[in-house]
Structure formats: structure tokens, C-alpha cells
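Step one of this worksheet: look at the structure below.
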Amino acid sequence: MYLSKYLAVCGACSRRMATEVIKKGFVLVNGEREIKPNYEVKPNDEVIFEGQKIRLQKQVYILLNKPKDYVTTRNDERGRKTVLDLINLKKDLRIYPVGRLDRTTTGLLFLTNDGDLAYKLSHPKFKIEKKYRVTLDKNLTHKDTQRLLDGIRLYDGPAKFDNIVFFDFKKTRKDVIVQLHSGKNRIIRRMFKHLSYDVKKLDRTFYAGLSKKGLPVGEWRFLSRQEVEYLQGL
């Protein structure tokens with residue numbers, strides 16, 4: 001197996017990123033820097049990346065219904081609770097959250113050690129569909145609804161929602177479901193803030209064709225083989 005694929009299969013990073021880190025000399029093989037992505041990894045080779053020995057692992061695919069006040073990282077330098085604290089698997093299993101949810105944002109989160117799939121689901125060019133339930137501080141007007149669908153311009157470029165549906169229009173216009181493909185940082189909060197709305201609650205309900213239906217807050221499950229094959233086929 002090529003070294004670049006080996007890193008991806010082990011969950012260290014995506015194969016595309018693996019090629020870059022190998023060329024930059026960040027990977028050691030048997031104590032020596034290896035800069036050839038097509039180096040053939042042998043059964044007894046010791047591969048070190050970011051100070052850790054990389055081993056082949058069974059690929060794992062997990063869906064988590066993230067609660068509030070957990071950060072979406074493997075480790076937190078400030079000692080805050082992370083989403084990995086909710087998953088009772090072996091500590092040496094290198095699974096990572098795909099994409100990020102703010103500490104106060106709840107909902108659907110995908111975790112895996114499949115670097116190639118993680119890259120596909122997180123890179124903007126693949127336009128992975130996401131849906132969020134958003135609770136605002138005030139009613140969303142018809143005019144602002146249309147502006148968010150037509151597109152607004154933020155400091156890092158244009159942004160728009162693919163669709164907006166009111167959760168219960170007869171009761172309130174503060175509670176909406178938004179659909180989008182953008183993966184920009186804090187994009188939903190920033191879009192509403194641009195139009196003078198504060199997001200009080202944000203919950204991801206749908207991600208890449210998967211929903212959190214039947215998955216209680218704070219709970220997780222393994223994806224089925226059919227679900228994994230579906231994601232790989234996106």
C-alpha cells in the first residue's frame with residue numbers, strides 16, 4: 001500500500017492531505033523522513049505522524065446527536081468537554097469529527113477514521129446538503145427571508161440559503177428550518193447577524209442524507225453498511 005493511502009486508511013488525514021504532508025517531510029518511516037507519497041509500506045514498517053505511531057485500523061463510521069456545551073475536537077487545550085468524551089471506544093482509535101459544530105450548537109455530527117470520506121463530506125466543492133433548525137430572537141420578515149434566499153454578501157464572500165421553511169408558521173416566525181450547502185465557519189449565525197437577527201438556538205437535523213431521527217441527544221450509533229455505501233457514492 002502506498003504511504004499516502006496508508007495514512008488515509010489509518011485515519012490520520014485524507015489521501016490528498018497525506019500527499020502534501022509526506023512531501024513536506026512530516027512523516028517518518030523507520031525513523032527516517034519519507035517524502036515519497038508512493039513509498040510502498042511494508043508489514044514491519046514503523047510509520048510516525050504528528051509524533052504518534054500510525055497503525056492500520058478497522059474503519060469506523062459514527063453518527064452522534066451532539067448536546068450543547070461540547071466542543072467538536074479530539075482534544076481541547078482549555079480542558080472543555082469534547083464530543084469524543086461521549087463515545088466509549090478505545091482511546092487509541094483515531095476517529096475525528098467531520099466538520100465542526102459550535103460549542104453551543106447541537107445536532108447531527110459524523111465521526112470517522114476514513115480520511116478520504118471525511119475529505120469528501122467536508123470539502124465545499126462536494127456541496128454536501130445540511131439542514132438546521134434555527135430559533136431567532138425575533139420574527140423573520142418576508143423581506144429578509146427573500147434576501148437570505150437571494151444571497152447576501154459577507155466579509156468572506158456571498159452566502160445564501162437553498163431553502164427556508166417555517167417550523168410552525170401559525171405559532172411563530174422565529175422558528176425556521178434552513179437548508180444550505182456552504183461549509184463556511186459559523187455561516188448561519190453570521191448570515192442572520194448580518195440582517196440584525198440573533199440566533200438563540202441552532203440544531204443540525206440533517207447531514208449528507210442522514211437524519212438524527214430516533215437518536216436521542218447525547219447518544220450515538222454506528223452507521224449501517226448501506227449508509228456507508230451511500231456516503232461513499234456521493
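Miscellaneous remarks
- Hey, Val134 in contact (Cβ under 8 Å) with a residue 40 or more places away in the chain, among the β-branched types (Val, Ile, Thr) and either in the same structural domain as Asn65 (by TED's automatic domain parsing) or touching a Phe, Trp or Tyr at 6+ places or on another chain (Cβ under 6 Å) (or both) or not: no
- Test set (1) touching a residue at least 40 places away in the same chain (Cβ under 8 Å); (2) surrounded by fewer than 11 Cβ atoms within 10 Å (Cβ to Cβ) - Phe169 fails condition number: (1)
- For region 48-86, the set of residues classified as aromatic (Phe, Trp, Tyr), outside any loop (DSSP other than H, G, I, E, B) and within 23 Å of Phe222 (Cα to Cα) consists of Tyr61 only.
- Condition check for Ser182: crowded, with 16+ Cβ neighbours inside 10 Å and not assigned by TED's automatic domain parsing to the domain that holds Gly107: yes
- Taking region 115-234 as the region of interest, the strands (runs of 3 or more DSSP E) fully inside it that hold 3 or more residues being not small (Gly, Ala, Ser) are 130-136, 152-154, 163-166, 175-180, 199-207, 220-222.
- Among residues of region 100-117 that are among the aromatic types (Phe, Trp, Tyr), those with a beta-carbon under 8 Å from a residue that is not in a strand (DSSP E or B) at least six positions away or on a different chain give the pairs Phe110/Gly99; Phe110/Leu121; Phe110/Ala208.
- Qualifying positions in region 87-136 - surrounded by fewer than 16 Cβ atoms within 10 Å (Cβ to Cβ) and hydroxyl-bearing (Ser, Thr, Tyr): Thr104, Thr135
- Flag if Ile152 is aliphatic (A, V, I, L, M) and without any contact (Cβ under 8 Å) to a residue 60 or more places away in the chain: yes
- Answer residue from region 13-37, given it is touching a residue at least 40 places away in the same chain (Cβ under 8 Å) and either among the aliphatic types (A, V, I, L, M) or part of a strand (DSSP E or B) (or both) and is farthest from Leu3 (Cα to Cα) among those: Met17
The values are calculated or read from the model by the stated rules, or taken from the named source; none is laboratory data. Worth saying up front: this structure is predicted, and the values here are computed from it rather than measured. All Cβ positions, glycine included, derive from the backbone under ideal geometry; neighbour counts span all protein chains shown.
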